[in-house]
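This report concerns only the one structure given below.
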Amino acid sequence: MEKGTREQNIKRIINMEDRIVQCKRCPSLTRCIRKPSLGKGDLEPQVLLVFECENQFTSDLDKVIQLRDSVKKNFSTERVYHTFMVRCQPKACASRQNTNCYMTNKLLDKENTCLLNNSMCEGIPVKPSSDEIMNCLPFLLEEIQILKPEYVILFGQRVGEFVLKSYGVFEPIENNKSFTNDDITFLISNEEKRFTSEEAAQLSQLIQVAW
């Protein structure tokens, strides 16, 4: 797919997000999620940031803005977009495990109240399984193809491994290393909670060396 205009990207992203919202590939996840995590930012991005899934860090708007600002400064761009490899955050839930539940609809209401115990959701966020990642990965690959950024920063080893294997890269994944595919440069970094302005500067220097 060729790089589209902003208007074309909007239409393609909206179409993809509609399919994400309706996705039923992981029913055990979607029942306990009010809405999936969707990408945000410039729809003609120069830099695309990929987090593994929603977590305590990405739920903190101030921390995400600080990370994005660090990338903007070091990559000399205002065109940044962030997204997720897994759209529905898996949770460990004692209420669901201890209840013989045959419901197939949502278990959370609009106020995030669990319908099993009539209290606020107490699910503990956990890392997604390999199956959950593989179910969701096609959406991320589609998003990258739609937006066609110059650079994609992959936060964490798991994100790096799953994404790069999808592009035929099977080399060991190391931080501050780059790979290029179809005019897109993929950069590997620490997980977002460990990402620093110094690492942003190192990634920026890495692409300058590649030039």
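Annotations
- Pairs where the first residue, in the stretch 187-199, is touching a residue at least 24 places away in the same chain (Cβ under 8 Å) and the second is charged (D, E, K, R), C-beta under 6 Å, 6+ apart: Ile188/Lys177; Ser189/Glu199
- Output for the stretch 70-118, where each listed residue is modelled with pLDDT of 70 or more, polar (S, T, N, Q) and more than 29 Å from Leu137 (Cβ to Cβ): Ser76, Thr113, Asn117, Asn118
- Strands (runs of 3 or more DSSP E) wholly inside the stretch 132-204 that include at least 3 residues being in contact with a Leu (Cβ under 8 Å, 6 or more places away or on another chain): 151-155, 184-189
- The condition (being of a type in the set (D, E, K, R), in a loop (DSSP other than H, G, I, E, B) and either within 23 Å of Asp109 (Cα to Cα) or touching a helix residue (DSSP H, G or I) at 6+ places or on another chain (Cβ under 7 Å) (or both)) is satisfied by just one residue among Arg12, Arg19, Arg34: Arg34.
- So Thr196, is it under 22 Å from Cys53 (Cβ atoms), of a type outside the set (D, E, K, R) and either at pLDDT 95 or above or surrounded by 12 or more Cβ atoms within 10 Å (Cβ to Cβ) (or both): yes
- Filtering the stretch 56-71 to residues that are in contact with a helix residue (DSSP H, G or I) (Cβ under 9 Å, 6 or more places away or on another chain) and either hydroxyl-bearing (Ser, Thr, Tyr) or surrounded by 17 or more Cβ atoms within 10 Å (Cβ to Cβ) (or both) leaves Thr58, Val64, Leu67, Ser70, Val71.
- Filtered residue count, the stretch 37-63, keeping only those that are aliphatic (A, V, I, L, M) and in a helix (DSSP H, G or I): 1
- Residue satisfying condition, being farther than 15 Å from Ile146 by Cβ, of a type in the set (Val, Ile, Thr) and in contact (Cβ under 8 Å) with a residue 60 or more places away in the chain, within set Ile65, Ile20, Ile33: Ile33
- Of all residues in the stretch 22-31 being in a loop (DSSP other than H, G, I, E, B) and over 15 Å from Cys53 (Cβ atoms), the one that is modelled with the highest pLDDT: Gln22
The values are calculated or read from the model by the stated rules, or taken from the named source; none is laboratory data. No experiment lies behind these values; they were computed from the predicted model shown. Because the Cβ atoms are built from the backbone with ideal geometry, glycine has one as well, and the counts that use them run over all protein chains shown.
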